[in-house]
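Contents: one structure, followed by commentary.
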2 protein chains.
Amino acid sequence: MSQENNDASLCIENQSCFSLYSAANAMVRSYRTALLDLDLTYPQYLAMMVLWAEDGISVKALGEKVHMDSGTTTPLLKRLEGKGLLERVRCKQDERSCLLQLTDEGKSLKSRAQEIPKSMACQSPLTQEESDQLKALCDKLRLKISA
Amino acid sequence: MSQENNDASLCIENQSCFSLYSAANAMVRSYRTALLDLDLTYPQYLAMMVLWAEDGISVKALGEKVHMDSGTTTPLLKRLEGKGLLERVRCKQDERSCLLQLTDEGKSLKSRAQEIPKSMACQSPLTQEESDQLKALCDKLRLKISA
DNA sequence: GTCATTTAGATTGCGCGCAATATAATTGTG
DNA sequence: CACAATTATATTGCGCGCAATCTAAATGAC
């Protein structure tokens, strides 16, 4: 395919990393439409999912679950607080720690969010089997390279 | 695993999209070290690979190959120009179009970059087969959802 | 040729993602 | 108890990623 490049190793079309990178961007892009209704970005949606599953956890615990550091979580959580979806309160036992409490509005958003996984699964071009396979490969990759 | 969430659909641990997203971020992060020596970010490295394979192409053609729009490519290419790796020249036949010409420095960077795919492949936790599988799934996903 | 349409690229604005650093609270050590 | 080390979060700065908008050049329709 490539005329000027005799070795294929530096060719983006051959690199699984580039495919991974592009697919992730495309995925986030396709979530945008679905999340417009909830007024959430994809990373914000991830944070909300964590809190819907486990309200009241610390910033640190949430950061570990979504694999983000405080440079990403702090401003993101401030934006969610600004939208009135949660409150950030200092932990009494450990004043360093900051606990995240969903507001009523934040909790009520969960019911509207139930549609998101359904609609995304519907428009996914992958079968359930392929999706599971993709997940397993991505998990293996992430776990090993960030170790 | 989750105590407060009786349905699994809104749980990030079950979502292949979250795995894809996290794996892509981890991958870019792991490239950072390898690319430090070349003074390139991962997206800049992608652009350079395209130009190493096909010097002189337009901004539009490059954007299509790396799947980025002008809001991303324009500042990225200006940074590469600022580093002295390429020049952006208006096309004589079509003044709207902007052609990208590698400088000698930009061309010579290719030889040093040959090490990158090798070292990344070495530290990859995936077998060649798994990597191919991941690429196929990502390509299928991206092609269909951005159609 | 005139004018609407299309096209290539640039600009603006916002939200990540993350390295590096700072701050303040807590814990560990002697 | 003093004080070094650790820990949780916040801040700063930079480079994407992309929607929305703008400009200017080229193309198409009549």
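Tabulated results
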read-out: Filter result for the condition that a residue is farther than 17 Å from B:K135 by Cα and within 7 Å of chain B (Cβ to nearest Cβ), over A:K144, A:K135, A:K140; value: A:K144
read-out: Flag if A:A47 is more than 7 Å from chain B (Cβ to nearest Cβ) and modelled with pLDDT of 95 or more; value: yes
read-out: Qualifying residue in the range B:79-91 (condition: within 12 Å of DNA strand C (Cβ to nearest atom), at negative phi, within 14 Å of chain A (Cβ to nearest Cβ) and surrounded by 15 or more Cβ atoms within 10 Å (Cβ to Cβ)); value: no
read-out: Sole exception among (1) open to solvent by less than 10 Å² (accessible area, probe 1.4 Å); (2) within 12 Å of DNA strand D (Cβ to nearest atom); (3) at pLDDT below 95 for A:T33, by number; value: (1)
read-out: Matching option when the condition is out of contact with any helix residue (DSSP H, G or I) (no Cβ under 6 Å at 6 or more places or on another chain), within 14 Å of DNA strand D (Cβ to nearest atom), away from chain B (no Cβ under 11 Å) and open to solvent by less than 80 Å² (accessible area, probe 1.4 Å), among A:S70, A:S108; value: A:S70
read-out: Looking only at the range A:92-104, and only at residues there that are outside any loop (DSSP other than H, G, I, E, B) and either within 12 Å of DNA strand D (Cβ to nearest atom) or touching a His at 6+ places or on another chain (Cβ under 6 Å) (or both), the one that is least open to solvent (accessible area, probe 1.4 Å); value: A:L100
read-out: Answer residue from the range B:37-56, given it is assigned to a loop (DSSP other than H, G, I, E, B) and open to solvent by 20 Å² or more (accessible area, probe 1.4 Å) and is farthest from A:A26 (Cα to Cα) among those; value: B:D37
read-out: Residue in the range A:112-119 that is within 16 Å of DNA strand D (Cβ to nearest atom) and within 19 Å of B:F18 (Cβ to Cβ) present; value: no
read-out: Where a residue in the range A:18-42 is closer than 11 Å to B:H67 by Cβ and without any contact (Cβ under 8 Å) to a residue 12 or more places away in the chain and its partner, wherever it lies, is crowded, with 20+ Cβ neighbours inside 10 Å and among the charged types (D, E, K, R), with Cβ under 6 Å and at least six apart; value: A:S19/B:K135; A:S22/B:R142; A:A23/B:R142; A:A26/B:R142
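Okay, residues lined up against (1) at pLDDT below 95; (2) closer than 15 Å to A:L10 by Cα:
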{"residue": "B:V66", "(1), (2)": "no, yes"}
{"residue": "B:P125", "(1), (2)": "yes, no"}
{"residue": "B:S131", "(1), (2)": "no, no"}
{"residue": "B:A136", "(1), (2)": "no, no"}
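One line per residue, one yes/no per condition, for (1) over 28 Å from A:N25 (Cβ atoms); (2) touching a residue at least 40 places away in the same chain (Cβ under 8 Å); (3) in contact with a Ser or Thr (Cβ under 9 Å, 6 or more places away or on another chain):
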position: A:T74; (1), (2), (3): no, no, no
position: A:S97; (1), (2), (3): yes, no, yes
position: A:D104; (1), (2), (3): yes, no, no
position: A:S108; (1), (2), (3): yes, no, no
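The values are calculated or read from the model by the stated rules, or taken from the named source; none is laboratory data. Since the model is a prediction, treat every value here as computed from it, not as a measurement. FYI the Cβ positions are ideal-geometry reconstructions off the backbone, even for glycines, and counts take in every protein chain you see. Note: accessible area is taken over every heavy atom of the protein model, side chains too, but ligands, DNA and RNA are not part of it. Shrake-Rupley method; radii C 1.70, N 1.55, O 1.52, S 1.80 Å.
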